[in-house]
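Working notes, structure below.
Every number here is computed from the coordinates shown, using simple stated rules; none is lab data. What you see is a predicted model; the values in this text were computed from it and never measured. Glycine gets a Cβ as well: all are built from the backbone with ideal geometry, and neighbour counts include every protein chain shown.
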């Protein structure tokens, strides 16, 4: 789950929890909203944790790693 999906789930959950005033039989929309907000928050947390641990190209543990290749063409 990505950051955008997590924020979307939290937004939909907040709408269901705080903005919807409809009562239904068999399902509580406020509970569904709270569940969506929790799942979205957990997804956002895990996305940020794994995103920061991945670090992108050329980094390792938050610091940049450079490799230098030295080649010599010696003829004797």
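In nanometres, what is the gap between the two model label sites at residue 49 and residue 73, each 7 Å from Cα along Cα-to-Cβ?
Using points 7 Å along Cα→Cβ, the separation is 5.1 nm.
Sorted from largest down, what three extents in whole angstroms do the Cα atoms of the stretch 3-56 have along their principal axes?
Its Cα atoms span 47, 16, 11 Å along the three principal axes.
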